[in-house]
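Notes for the one structure printed next.
The values are calculated or read from the model by the stated rules, or taken from the named source; none is laboratory data. Computed from a prediction, not measured in an experiment: that's the story for all the values here. Note that we place each Cβ from the backbone using ideal geometry, even for glycine, and neighbour counts take in every protein chain shown. Just so you know, the surface numbers come from the protein's heavy atoms only, side chains and all, with ligands and any DNA or RNA stripped out. Shrake-Rupley method; radii C 1.70, N 1.55, O 1.52, S 1.80 Å.
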Amino acid sequence: MVRSAEAVHAYLIDQVNLMLRRLEMYGGEPALWTLFDHLFFLEDADNGVQDLHESWRARNAFTPTGVKGALQRHLPGDLGSALPSMYAEAARQRGWLRLDRTLTMDEHTHLRTSIETFVAENRTWRDVLDAFGEPSVLFGGTNPRYEKTLAYATADKSDPMVFFHLWNGSDPDTKTWPKHAEPILLATRYGTGPFAASFSFTPEGRPPETEI
């Protein structure tokens, strides 16, 4: 017996939501390409993945090494939780992403209007949670020492998701790990314009060329 298209579609939606949250367990970005391709095919969008990548390429958000290459221009290479956040935006637009928490319009407006002030200082994971509450989606594990990305979103797909990219790793001077007691915020990201313009950096995350 062959399962119905509806059953296969529902199964793949489940897999997308699992994979986005813990991508390192599923094989990285190429695994997402394959899964997205299957879903696009079921939804009669034969060139869905190619069109998605082309839309990112137009924003300088996609390179020959994928989204990973574009992100590494702005964030540390070992911040793996940033990558699935890009695909989560696309999944949300297709109705595939399930939110763990949905922000009200007032909460979303407050968050967006607070970003410039919030990133003016260095912040921790706890600071983000205290200021904006539990995320709509957590990319990465719940271990309080490891890097992660927090996403905040409303039920309205026209409202941009807002991402907080938090890093932790080894101290380059002492070679000890972790460098910080909990992940620190490097940048927020939201919007569909030029990729570089979608980032707002904390002092800790600000690229050297933009230091003041």
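Side notes on the structure shown:
- Among Thr149, Thr63, Thr188, residue whose mean-square fluctuation peaks in a GNM of the chain (springs only between Cα atoms under 10 Å): Thr63
- Charge context of Arg126, other residues only, Cβ under 13 angstrom, K/R +1, D/E -1: -1
- Here region 107-212 has an Rg and Dmax of 14.1, 46 Å, counting Cα atoms alone.
- Ranked from largest to smallest solvent-accessible area, with a 1.4 Å probe on the protein heavy atoms, Phe118, Phe201 come out as Phe201, Phe118.
- Mean ellipticity per residue at 222 nm, deg cm²/dmol - from DSSP H runs of n ≥ 4 across the chain, formula -39500 (n - 2.57): -11500 deg cm²/dmol
- Debye intensity ratio in log₁₀ form over the Cα atoms of the chain, taken at each q of 0.10, 0.11, 0.14 Å⁻¹: -0.44, -0.53, -0.85
- Local net charge near Ala155, Cβ-Cβ under 14 Å (Lys/Arg +1, Asp/Glu -1): -1
- Alpha-carbon Rg/Rh ratio, for region 81-168, with Rh computed the Kirkwood way: 0.94
- Amide H partners (placed H, <5 Å) of Leu103, local residues excluded: Ala153, Thr154, Ala155
- Computed 3J(HN,Hα) for region 149-162, one whole-Hz value per residue from the Karplus formula 6.51 cos²θ - 1.76 cosθ + 1.60 where θ = phi - 60°, is 10, 9, 10, 10, 8, 9, 6, 8, 5, 7, 7, x, 5, 10, glycine and proline marked x.
- Summed side-chain charge close to Ser136 - residues other than Ser136 whose Cβ falls under 9 Å, Lys, Arg +1, Asp, Glu -1: -1
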